Amino acid sequence: MSDHLTVVDHPLVQHKLTLMRDKGTSTAGFRRLLREITQLLAYEITREMPLTTTTIDTPMEEMEAPILAGKKLALVSILRAGNGMLDGVLELIPSARVGFVGLYRDEETLQPVQYYFKAPEGLKDRLVIAVDPMLATGNSSAAAIDLLKEAGANDIRFLCLLASPEGVERMKELHPDVPIVTASLDRQLNEKGYILPGLGDAGDRMFGTK
Ligand code: URA
């Protein structure tokens with residue numbers, strides 16, 4: 001992917017995103033919509049995956065048919081909200097390996113604190129898709145990418161539902177080689193680091209913790 005930021009403006013994505021932003025949407029509805037949007041965003045982020053061909057027999061004749069060229073994929077969920085995006089991508093790419101980065105945001109400093117890291121083997125040979133619904137300050141996203149790079153990853157993409165201008169800038173500054181795919185570039189962050197207009201706390205909304 002050549003662009004640093006891709007905003008997927010497909011009508012289905014935008015429609016579902018509006019439903020997710022609405023504070024009246026139930027926890028179950030929010031989770032279902034997140035899975036559905038993630039699949040549509042994953043379609044975009046995997047668009048340039050290399051293809052090769054294989055010989056198959058259709059009921060009519062033999063053909064050389066396209067098939068993924070086998071660059072292995074690792075999905076990395078940035079806990080905890082990233083887990084809401086995992087299932088959607090795994091339904092499309094069931095053979096992907098899965099890793100987890102546990103970071104929480106210190107509410108005072110807004111800086112990320114690491115509490116867990118587990119990644120699949122051979123990250124250096126994989127396309128790594130890191131998922132986190134909210135690219136807010138960019139601090140935890142950038143820290144998660146740091147950890148993935150330290151573990152060997154060199155072809156990383158970042159998939160999120162909403163991005164703030166501040167978060168995109170931070171990622172561009174620290175990880176210009178990591179393309180971002182999102183459903184919306186929102187207006188700004190508030191003083192607590194929440195995205196406006198946003199959708200609130202994505203983890204709380206998907207797990208019903210508030
Ligand atoms: N994390 C969230 O869940 N929501 C925001 O608006 C910002 C960070």
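Just so it is clear, none of the values below were taken in a lab; they were calculated from the coordinates. All figures in this text were calculated on a predicted structure; none of them were measured in a lab. A quick note on method: Cβ atoms are made from the backbone with ideal geometry, for glycine too, and the neighbour counts reach across all protein chains shown.
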(request) Would you grab the residues whose amide H sits under 5 Å from the one on Tyr194? Only those 5+ places off in sequence or on another chain, please, with H modelled 1.01 Å from N. (result) none
(request) Report the one residue of Thr6, Thr55, Thr25 whose Cα lies farthest in the direction of the positive end of the charge dipole of segment 1-83 (charges on C-beta: Lys and Arg +1, Asp and Glu -1; origin at the Cα centre). (result) Thr25
(message) For a quick check of your reading of the filter: which trypsin sites (Lys or Arg not before Pro) in segment 1-55 sit in a DSSP loop and have no more than 13 other Cβ atoms within 10 Å?
(response) Lys23, Arg47
(request) Name the lysines eligible as straight-distance cross-link partners of Lys149: C-alpha to C-alpha under 26 Å, and not fewer than 8 places from it in the same chain. (result) Lys71, Lys72, Lys118, Lys124, Lys172
(request) Give me the distance in nm between label points sitting 7 Å out from Cα along the Cα-to-Cβ direction at Asp22 and Leu196, one decimal. (result) 2.4 nm
(message) Under 5 Å between amide hydrogens, which residues at least 5 positions from Thr6 or on another chain qualify, with H placed 1.01 Å from N in the peptide plane?
(response) Ile180, Val181, Thr182
(message) Could you give each residue of segment 151-168 its phi-based ³J(HN,Hα) in whole Hz, using Karplus coefficients 6.51, -1.76, 1.60 with θ = phi - 60°, and x for Gly or Pro?
(response) 7, x, 5, 9, 9, 10, 10, 10, 10, 9, 8, 10, 10, 9, x, 5, x, 5
(request) Hand me the trypsin sites (Lys or Arg not before Pro) from segment 148-201 located in a DSSP loop with no more than 10 other Cβ atoms within 10 Å, in residue order please. (result) Lys192
(message) Need one number: nm distance between label points at His10 and Leu68, each 7 Å from Cα along Cα→Cβ, rounded to one decimal.
(response) 1.6 nm
(message) Could you give each residue of segment 36-46 its phi-based ³J(HN,Hα) in whole Hz, using Karplus coefficients 6.51, -1.76, 1.60 with θ = phi - 60°, and x for Gly or Pro?
(response) 5, 4, 4, 5, 5, 5, 5, 4, 6, 6, 9
(request) Once you've got the GNM for the chain with C-alpha springs shorter than 10 Å, pick whichever of Ile67, Ile129, Ile93 has the biggest mean-square fluctuation. (result) Ile67
(request) Taking a cut-off of 19 Å between Cα atoms, list the aspartates and glutamates near Lys192, but don't count ones fewer than 8 places away on the same chain. (result) Asp106, Glu107, Glu108, Asp132, Glu166, Glu169, Asp201, Asp204
(request) Collect residues whose amide H, placed 1.01 Å from N in the peptide plane, falls under 5 Å from the amide H of Leu103; neighbours closer than 5 in sequence don't count. (result) Leu79, Tyr115
